[in-house]
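*Asks:* Have a look at the structure that comes next, please.
Every number in this text was worked out from the coordinates using simple rules, so none of it is lab data. Please read all numbers here as calculations on a predicted model, not as lab measurements. No Cβ is skipped: glycine too gets one built from the backbone with ideal geometry, and neighbour counts run over all protein chains shown.
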Amino acid sequence: MRFDAHSLSYNAQGLIPAIAQDEASGEVLMMAWMNAEAVEKTLETRRVTYWSRSRNAFWVKGETSGHTQELVDLRVDCDRDALLLLIRQTGPACHTNRRSCFYTSVMEGDERELMAPMGD
């Protein structure tokens, strides 16, 4: 069966959450949004393309920073309303220069920073 990006379940803004996971380590690196065209571009180019809600434009990960994401596999969840992107990450995934956007832990009401920016 051929995949059709329009068969996914998008929110009212036409977006679907996409979770980027390192294909080798299994580490969850980030979450961003995609629309149907971003999904299609990602599958076509194998360079992960998101939809930037703040810029209202496509955003190819690493286009300006060099911190690219190469798509290894795109997986659709059972409800077809979320995506898992297995990727090869070059450099940090987070705009704060950290390996992962999930660098803050909350335990027993306290926040704790789990990793410093890369190179610091």
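*Asks:* Would you mind calculating the gained length between MET118 and ASN11 on full extension (0.36 nm times residue separation, minus the Cα-Cα distance), in nm to one decimal?
*Replies:* Working: separation 107, 0.36 × 107 = 38.52 nm, distance 3.40 nm.
Result: 35.1 nm gained on full extension.
*Asks:* So if each residue of separation counts as 0.36 nm, and I subtract the Cα-Cα distance between LEU43 and ASP110, what length gain in nm does that give? Could you put the intermediate results ahead of the total?
*Replies:* On the way: separation 67, 0.36 × 67 = 24.12 nm, distance 4.00 nm.
Working it through step by step, the gained length comes to 20.1 nm.
*Asks:* Then there's this: Just how far, in whole angstrom, is segment 81-105 from segment 1-79 if you go by their alpha carbon centroids?
*Replies:* Using only Cα atoms to place each centre, the spacing works out to 12 Å.
*Asks:* Check each of the chymotrypsin sites (Phe, Trp or Tyr not before Pro) in segment 1-84 and keep only those in coil by DSSP with at most 13 other C-beta atoms within 10 angstrom; list them in order.
*Replies:* On the way: sites: PHE3, TYR10, TRP33, TYR50, TRP51, PHE58, TRP59; in loops: PHE3, TYR10.
Here the sparse-neighbourhood loop sites are PHE3.
*Asks:* Taking the DSSP beta bridges in segment 1-85 as the whole, what percent of them are antiparallel, to the nearest 5? Intermediate values should be presented prior to the final figure.
*Replies:* Details: 14 of 17 bridges.
Of those bridges, close to 80 percent are antiparallel.
*Asks:* Could you pull out the longest piece of the chain with no exposed loop GluC sites (Glu not before Pro) in it, calling a site exposed if DSSP puts it outside H, G, I, E, B and it has at most 12 other Cβ atoms within 10 Å?
*Replies:* Numbers: sites that count: GLU63, GLU108.
Result, exposed sites excluded: 1-62.
*Asks:* Before rounding to the nearest 500, sum -39500 (n - 2.57) across all DSSP H runs of length at least 4 in the chain and divide by the residue total; then give [θ] at 222 nm in deg cm²/dmol. Present the calculation step by step, with values, prior to reporting the outcome.
*Replies:* Numbers: 1 runs with 10 residues, N = 120.
So the helix-based figure for the chain works out to -2500 deg cm²/dmol.
*Asks:* When P(r) over Cα pairs in 10 Å bins from 0, in percent is calculated directly from the model, which label among [x] 11, 24, 19, 16, 14, 10, 5, 1; [y] 14, 49, 32, 5, 0; [z] 13, 43, 32, 11, 1 fits?
*Replies:* Derived directly from the coordinates: [z].
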